[in-house]
1. Would you mind computing, in nm to one decimal, how far apart the modelled labels at Ser301 and Asp224 are, each placed 7 Å from Cα along Cα→Cβ?
2. Any chance you could run the full-extension gain for Tyr140 through Ala262? It's 0.36 nm times the residue separation minus the Cα-Cα distance, nm to one decimal.
3. Rg and Dmax in Å for the range 75-188, alpha carbons only: what are they?
4. Taking only C-alpha pairs under 8 Å that are 6+ residues apart, what is the relative contact order of the chain in percent?
5. The range 275-314: Rg/Rh from Cα coordinates, Kirkwood Rh?
6. Using all alpha carbons of the chain, what is the percent of pairwise distances in each 10 Å bin, ordered from the shortest bin to the longest?
7. Taking Cα centroids, how far is the range 111-126 from the range 341-388 in Å?
8. Thr406 versus Thr60, label points 7 Å from Cα toward the beta carbon: distance in nm?
Amino acid sequence: MKTMYGRQFATMVSMVLLSFLMLGASFATLSYQYTIRDKKDTLERNAKYIAEFTSVAIRTAPQGSGSLVWQTSAFQNYLNSVAQVSDSHVIVATLEGTIVYATAGNGELSEMQFQELPPDLAGQIAAGSYVGMADLGGLYAELRYLVGLPITTVEGYLQGLVLVSASASNISGVWRDLSGILLVTALAVILIAAIISSVTSMRQSQPIKEIAAAARQFGLGQLDVRVDVGCRRDEVGELAEAFNAMADSLSTSEQRRSEFIANVSHELKTPMTTIAGFADGILDGTIPPDQERHYLQIISSETRRLSRLVRSMLDLSRLQSDERAAQQQFDICETLVRALVSLERKVNAKHLEVAAQLPEDEPIPVWGDQDAITQVCYNLLDNAIKFSQEGGVLGLGVTVKGPKATITISNQGETIPPEEQSLIFDRFHKTDHSRSADRDGVGLGLYIVKTILNSHKESITCVSEDGVTKFVFTLTRA
């Protein structure tokens, strides 16, 4: 299996190796060319010096002894010194190519004396110069770098030939030494890079392996598994933090789902138990005939409550699946009044006084799903009426501030404790935990309100102080 560690390690080593191969090839080529060029320049310079020296020596020699100048100790010492200092061979020959003197700086090369140079090579040198590699027709056992120049007088007359040569193995040896140093350096760098890459790759891949292992455990239902981020602040650390955040969210969702199922089971079980118990009592005669109507009314009430619960759950499912109508423009004041009129009977039953602060001169158009916002207004008004004290004040208000319209619904009744105010929008939450004071409610009204407003990207808050409870939400103005 190809792992990220293996791929990154191979990539790093390949890049370093390729870089050194390219750099090494370039360096080796340049160094070889530089060495050849430097050796060539040295040979040409020495050949020029020897040719000039020989020409002067012949011109200043006694009359009739010019052709024997190379036999003098001064001439030979000069050539020996040049050959020894430059680590080269020096050959002096006649125009016909006959070698009259040869030295390597450590004595004469007597075996070459009076040997003949290749005619084509002698002719090429006499014609101007020669630079290249040659073995002088077998006089050398190996090819040598060779520079040849003619010996000329000031007037341009040819007097002889000078050849200066250097061993090719010496130049190749320098190149091999440089290549060896480069190779050792490359191997050392590759080894160091491999170690660093191995440690880095392992450090990067290990947290990802931990995340993968945690994800597998998460898939098996172990929702308490988390990844240890440590002190990492890089992309892998961000990935681990994101995984932990996702795990927390899923764990919370799972907890809420379990609570939701428990609450639904409880809410369904209570009315169904009541309905079944009273129906069985009527059927088997346990309940006297004169009390049957009373218990049938209870059965009817529990049936309607069960129906409201199912309807609220269907509405909640529709909202959570985001099956909303397209947003449209409508008057929020008209929508709020219409919801209030539909609850007129409940308002009159509690003898509530309605205090409305709505603009009378012009409507306040807003954007949203009108049916969903109507349900928000209805649920908030119904909740305010339900928990209002007898003869209290039911407040309605719409104000405009900037791009938002603010809607306020308030009532007079019991103050909601501060610790309860942050929970009232949860599913199946009721301020009365005994579930007896509010038997008509199912605990989903305010949760549906918050779900609808969240889908509109709007906010809602609750403030309860000194017996007055206010719900305030916003809508975007059209």
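1. In this crude spin-label approximation the distance works out to 4.4 nm.
2. 33.4 nm
3. My reading of the Cα-based Rg and Dmax gives 16.7, 61 Å.
4. Relative contact order, the chain: 10 percent.
5. With Rg and the Kirkwood Rh in hand, the quotient comes to 1.12.
6. Over the chain, the share of Cα pairs per 10 Å bin runs 3, 12, 13, 10, 8, 6, 6, 5, 5, 5, 7, 8, 6, 3, 1, 0, 0 percent.
7. After rounding, the separation between the Cα centres reads 122 Å.
8. So the label points at Thr406 and Thr60 sit 11.4 nm apart.
Bear in mind these aren't lab numbers, they're just calculated from the coordinates by the rules spelled out. These figures come from a predicted structure and were not determined experimentally. Counting neighbours? That spans all protein chains shown, and the Cβs are built from the backbone with ideal geometry, glycine included.
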